[in-house]
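The values are calculated or read from the model by the stated rules, or taken from the named source; none is laboratory data. Fair warning: this is a prediction, and the values are worked out from it, not measured in the lab. Virtual Cβ from ideal backbone geometry, glycine too; neighbours counted across all protein chains shown. Keep in mind that these areas ignore ligands, DNA and RNA; they rest on the heavy atoms of the full protein, side chains included. Shrake-Rupley method; radii C 1.70, N 1.55, O 1.52, S 1.80 Å.
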2 protein chains.
Amino acid sequence: MTSVEEPARPNGRIRDAARTKAEILDVATKEFARSGFAGARVDEIAARTRTTKRMIYYYFGGKEQLFTAVLERAYSVIRQAEQELDVEHLDPVAAIRRLAEVTFDHHERHPDFIRLVSIENIHEAEHIAASEKLGRIGSPALDVIRRILESGQRSGLFTADVDAVDLHAMISSFCFFRVSNRHTFGALFGRDLVAPDLREHYRKMLGDMVIAYLTADRATD
Amino acid sequence: MTSVEEPARPNGRIRDAARTKAEILDVATKEFARSGFAGARVDEIAARTRTTKRMIYYYFGGKEQLFTAVLERAYSVIRQAEQELDVEHLDPVAAIRRLAEVTFDHHERHPDFIRLVSIENIHEAEHIAASEKLGRIGSPALDVIRRILESGQRSGLFTADVDAVDLHAMISSFCFFRVSNRHTFGALFGRDLVAPDLREHYRKMLGDMVIAYLTADRATD
DNA sequence: TCACTAATGTACGAACTAGTACGTTAGTAA
DNA sequence: TTACTAACGTACTAGTTCGTACATTAGTGA
């Protein structure tokens, strides 16, 4: 997250559109992630910034658009991480495992993002649909998966009947669920999926699972 | 004014505590699932029943407790389904596959339940924590998994290092994500994970994945 | 320096929303 | 029948909550 530091001007108000906007987005991200869309309070978001509610409406137009802007920025962060993915020099098995690990790590490090996505799903992705920006950008990760998969299938290492989007769904589901459903799962089954001492265990489990699936002999049936 | 208006039920109110309570729960389930906890409106819930808001407070005490009651009933349904699971006569591989399929089917058939669980996770499972009932009941599915796993490991069919809770998490994550994240996933990657014509594909994919993981040769590393 | 505009602050209101005070009626036990 | 109580309805309120009308100031180009 872009944190905004400032050498506190005495008492006159400072004018810095970029900073004000970024600060609103920072605070709004936390508030929406914490309370959901309906549960978040515009007044509360304003109170936690150094500016006023008026500015939220000035820059974003309303609560709904603010949430969309929050989502747009949150997704741009994950796109960034995916773009920095550098696995093409690895052999297919190692590359897939690495990709899974990076996805795993990113989900763990951004619980607020996970919550925002959960919330957006409750709202049936209506903000994504309303966003020009989010509609356009594809997923760099998908391209990477496609290439690894192709290479792995060509060399006969991987079974042929797998598609990039499906594999992405498989990896994401495990990483996402572990964070998003941590609370109910913990309360019902007495296991904290995000406990630090289980981190390596689940990271390995994900890799094992994906590789097992990709290299399995699908002879039966 | 003698109304000879007919059907045995003139317009006098009917008294049926059980029916009223159940009707409130039905409507509240839909409302909470649709709008989240904060987004759901008590007035709206009341309006959709044949009774009034007063009754919600009379029977449940408040919005918070109503949500808890909704959760309790929703979980009791899935427990029921798990209890009816009959796979012990199958060989371990078939039993696990069957278990995965039943889980898959149940998630698909109860999207409202998925949404409620997502919402409860946003609230960090505070209602589950506050519920006597939900704390006590374990998961029949877990017991089943434990037994199948044990049998499969004893016979050397399954690799030894898997635990029932983890396997349950693995299966659930795929089933849950497919429904819970269907909207954002669809909007971003252009694939509807719950499209009817992909149902069999994903059902098989889940089984293949789990079996591949359980029977994989974990020799490497 | 002067005018102009982007950026900001203050105060307020209309609509909504959870919850309740109070009254009424249907069923039932004596 | 009568008395009692669980079940129900109406009308209201106190407190929120999103949004805006209006006023003000800092920076900037002429």
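Against chain A, whose longest principal axis is taken from its Cα atoms, helix A:63-83 shows a tilt of about 40°. Projecting label points 7 angstrom from Cα along Cα→Cβ for B:Asp16 and B:Asp163 puts them 4.9 nm apart. Sorted largest first, the spans of the alpha carbon positions of segment B:92-155 along the three principal axes are 43, 25, 16 Å. Can you tally the net charge around A:Gln153? Count Lys and Arg as +1, Asp and Glu as -1, for every other residue whose Cβ sits under 15 Å from the Cβ of A:Gln153. With Lys, Arg at +1 and Asp, Glu at -1, the neighbours total -2.
The long axis of helix B:111-122 is offset from the longest Cα principal axis of chain B by roughly 90 degrees. Total buried accessible area between A and B, probe 1.4 Å, nearest 100: 4500 Å².
Return the tail of the calculated pair distribution for the protein assembly as shown, meaning the percent of Cα-Cα pairs more than 33 Å apart. Summing the P(r) of the protein assembly as shown above 33 Å gives 42 percent of all pairs.
Our summary gives chain B a relative contact order of 20 percent, counting only alpha carbon pairs under 8 angstrom and 6 or more residues apart. Multiplying the residue separation of B:Arg109 and B:Asp143 by 0.36 nm and subtracting their alpha-carbon distance yields 10.0 nm.
Between the alpha-carbon centers of segment A:119-167 and segment B:172-221, tell me the distance in whole angstrom. Spelled out, the Cα-based centre of one part sits 13 Å from the other. Shown is the FRET efficiency for A:Arg191 and A:Gln83, computed with R0 = 51 Å from the Cβ-Cβ distance and rounded to the nearest 0.05: 0.90.
Compute the long axis of helix B:199-215 from its Cα atoms, compare it with the longest principal axis of the Cα atoms of chain B, and write down the angle in degrees, 0 to 90, nearest 10. That helix lies at roughly 40 degrees to the long axis. Pairs over the 18 Å Cα-Cα cut-off, from the set A:Lys63/B:Lys63; B:Lys30/B:Lys133; B:Lys21/B:Lys53; B:Lys30/B:Lys63: A:Lys63/B:Lys63; B:Lys30/B:Lys133.
Can you tell me the accessible area per residue over the protein assembly as shown, all protein chains present, probe 1.4 angstrom, in square angstrom?
49 Å²
Computed extension gain for A:Leu90 through A:Lys133, at 0.36 nm per residue and net of the alpha carbon distance, reaches 12.2 nm. A 1.4 Å probe, protein heavy atoms only, puts the accessible area of A:Ser155 near 70 Å². Projected over all directions and averaged, the alpha-carbon convex hull of segment B:16-61 occupies 2.8 nm².
Expressed as a whole percent, the proportion of Cα-Cα pairs in segment B:115-221 lying more than 21 Å apart is 53%.
For chain A, the share of accessible area belonging to carbon and sulfur comes to 50 percent (1.4 Å probe, ligands and nucleic acids excluded). Comparing the full protein assembly with the isolated chain (1.4 Å probe, heavy atoms, ligands and nucleic acids excluded), the residues of segment A:106-129 losing at least 40 square angstrom of accessible area are A:Arg115, A:Asn121, A:Ile122, A:Glu124, A:Ile128.
Note on the protein assembly as shown: helix-only mean residue ellipticity at 222 nm, from DSSP H runs of 4+ residues weighted -39500 (n - 2.57) and normalised by residue number, equals -22000 deg cm²/dmol. One quarter of the convex hull surface built on the alpha carbon atoms of chain B amounts to 18.0 nm², the projected area averaged over directions.
Couplings 3J(HN,Hα) of segment A:143-157, computed from phi: 5, 4, 4, 4, 5, 4, 4, 4, 5, x, 6, 4, 7, x, 6 Hz, in residue order, whole Hz [Karplus 6.51 cos²θ - 1.76 cosθ + 1.60, θ = phi - 60°; x for Gly and Pro]. Only Lys, Arg, Asp and Glu carry charge here, each on its Cβ (+1 for the first two, -1 for the last two); on that basis chain A has a dipole of about 1060 debye about its Cα centre.
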